[in-house]
Amino acid sequence: MYSEKVMDHFQNPRNVGEIEDASGVGTVGNAKCGDIMRIYLDIDDETHVIRDCKFKTFGCGAAVATSSMATEMVKGKTIEEAMQVTNKAVMEALDGLPPVKVHCSLLAEEAIHAALWDYAEKHEIRIEGLQKPKSDISEHDADEEY
Ligand code: FES
């Protein structure tokens, strides 16, 4: 049911932990399943390159695997490039997720966006395409196609 890559990232998640004095921190939850995700970003203020990214979660296995992959994918990218790391891109990189688990991949995407929003607010910058994050993503589950 799960791809080998999903199992690998679930069993050996990359980038678990926190970053002290992070440039941006984002926390989102999904009230429907009760899972919570927090993402920490370390961003170079001059180049806007994401030097490091870590996550902590009270989440299911699919949330762990997608966050592990998402943090790997945004590391070393600029903020603008990281905005292209959607939950769909993360799922593709993991060779797919079962349909009922697609919403779990949104936790990582939304938490990264929330951390970028935090960074943008602190530095009074505007990030193209970034919208104010929701703290509960189950609200926008309804607009997502499964
Ligand atoms: Fe809640 Fe997966 S069931 S994130």
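The values are calculated or read from the model by the stated rules, or taken from the named source; none is laboratory data. Here the structure is a predicted model, which means the values were calculated and not measured. Cβ: placed from backbone, ideal geometry, glycine included. Neighbour counts: every protein chain shown.
Condition check: at pLDDT below 95, within 13 Å of the ligand (Cβ to nearest atom) and crowded, with 17+ Cβ neighbours inside 10 Å. Does Val64 satisfy that? Break it down into steps so the answer makes sense when it comes.
Details: at pLDDT below 95: no; within 13 Å of the ligand (Cβ to nearest atom): yes; crowded, with 17+ Cβ neighbours inside 10 Å: yes.
Answer is no for this residue.
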Scan of segment 102-113 for residues that are within 12 Å of the ligand (Cβ to nearest atom) and aliphatic (A, V, I, L, M), ordered by number: Val102, Leu106, Leu107, Ala108, Ala111
Of the residues in segment 92-101, those that are more than 13 Å from the ligand (Cβ to nearest atom) and crowded, with 21+ Cβ neighbours inside 10 Å come to Leu94
Going through segment 112-126 in order, the residues found to be buried (at least 17 other Cβ atoms within 10 Å of the Cβ) and of a type outside the set (Gly, Ala, Ser) are Ile112, His113, Leu116, Trp117, Asp118, Tyr119
Residues being within 16 Å of the ligand (Cβ to nearest atom) and closer than 23 Å to Asp95 by Cβ: count how many of those fall in segment 40-61. 5
